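The values are calculated or read from the model by the stated rules, or taken from the named source; none is laboratory data. Just so it is clear, the model here is predicted, and its values are computed rather than measured. Because the Cβ atoms are built from the backbone with ideal geometry, glycine has one as well, and the counts that use them run over all protein chains shown.
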Amino acid sequence: MKPLNGMHHVTAITSSAEKIYAFFTNILGLRLVKKTINQDDIKTYHLFFADDVGGPGTDMTFFDFPGSIKAVKGANEIGKTSFRVPDGHALLYWKKRFEKYDIKHEPITSLFGIKMLFFTDFDDQEYVLISDENRNGVKPGIPWQNGPIPLEFAIYGLGPVFFRVNHEDFFHQVLTQKLTFKKVKDEGDYHLYETGLGGNGGSVIVHVAKDLPQARQGFGGVHHVAFSVDDENDIMSWIKRLNELGAGHSGYVDRFYFRSLYTRLYPGILFEFATEGPGFIDDEEPYETLGEKLALPPKFRNQREQIEKLVRHIDTKRSDKVYNKEYIDEVGE
């Protein structure tokens, strides 16, 4: 199989679409590039936060399932989502920013020689900021140009997801024999794997946690991870590959913004393959107003009146706002 390109997106569950919009927009400085619905549950929002243009490999997305319970963290789950920043100086900026806004975080640390900053949101969703300093591989995206974060410190893409598993050998086989990853480093209970061009945008980290109970999905947890492929031909190749493996899968799914395929190759973890296009700048929204209206793929547009009654209005208009770049004291301008 042609190697997977790396990260495409991560989809998680939130207790509040309004709160996650405020957190990602005002605290993290990521751009809401699409406010739409869960195409399998039209009463549920699906919010896409990404770089300036909604490029593949830069977006984290959220569902707000009505009545969802809180996630129980444990083994056999996608435990953490990471975001790329330019260097260690940027991590110092973010540490000060988190202190200013009372965001729960840990001291800056290092894993595999890469500087990292762990933090959580209001749902205890787990995140990591990861330094791109001295790391090559998959190129990052473009920071949100009009957001509140100085561009030299801003998030510009997804880094590796952290899997927490209790069956190390089985998961290693999934990554190396069924997917296209290669193990490159070990550090204690953590293992680094890369695919494609590698680097922070083309890697995953496996945390072996043998004594943890089984995780349970809910708000504050990750729903699935998507890896990037070039186009529909690659989706068809992966369908053929999964059929040869005898692995169950969704078949070809047209999400309009990209084409997808879903499979569970390991208990508790949903993998997606997603194409790099067409993208989020489409017939409904130009670059200037991405994420400001309730956008619907064509197959749902004749249901707009019904859908707008099912999902509450959220004000996400930003084209009439000016975000001043926010520097923090000791980091400097």
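The table that follows gives values for the structure above.
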quantity: Which listed residue, of 108, 114, 142, is in contact (Cβ under 8 Å) with a residue 24 or more places away in the chain and closer than 17 Å to residue 95 by Cβ; calculated: 114
quantity: Given (1) in contact (Cβ under 8 Å) with a residue 40 or more places away in the chain; (2) in a loop (DSSP other than H, G, I, E, B), number of the condition residue 274 does not satisfy; calculated: (2)
quantity: Which numbered condition residue 121 fails, given (1) surrounded by fewer than 19 Cβ atoms within 10 Å (Cβ to Cβ); (2) farther than 17 Å from residue 90 by Cβ; (3) in contact (Cβ under 8 Å) with a residue 40 or more places away in the chain; calculated: (1)
quantity: Residue in the stretch 280-299 that is more than 29 Å from residue 154 (Cβ to Cβ), surrounded by fewer than 16 Cβ atoms within 10 Å (Cβ to Cβ), over 21 Å from the mean Cα position of the chain (by Cα) and of a type in the set (S, T, N, Q) present; calculated: no
quantity: In the stretch 286-311, the residues that are part of a loop (DSSP other than H, G, I, E, B) and touching a residue at least 12 places away in the same chain (Cβ under 8 Å); calculated: 290, 291, 292, 293, 295, 296, 297, 311
quantity: Odd one out for residue 330 among (1) of a type in the set (D, E, K, R); (2) more than 30 Å from residue 173 (Cβ to Cβ); (3) at pLDDT 95 or above; calculated: (3)
quantity: Matching entry among 98, 48, 62 (being in contact (Cβ under 8 Å) with a residue 40 or more places away in the chain and touching a helix residue (DSSP H, G or I) at 6+ places or on another chain (Cβ under 9 Å)); calculated: 62
quantity: Residue within the stretch 179-195 that is modelled with pLDDT of 95 or more, part of a loop (DSSP other than H, G, I, E, B) and of a type in the set (D, E, K, R) present; calculated: yes
quantity: Given (1) surrounded by fewer than 20 Cβ atoms within 10 Å (Cβ to Cβ); (2) at pLDDT 95 or above, index of the condition residue 158 fails; calculated: (1)
quantity: Odd one out for residue 269 among (1) in contact (Cβ under 8 Å) with a residue 60 or more places away in the chain; (2) closer than 24 Å to residue 34 by Cα; (3) among the aliphatic types (A, V, I, L, M); calculated: (2)
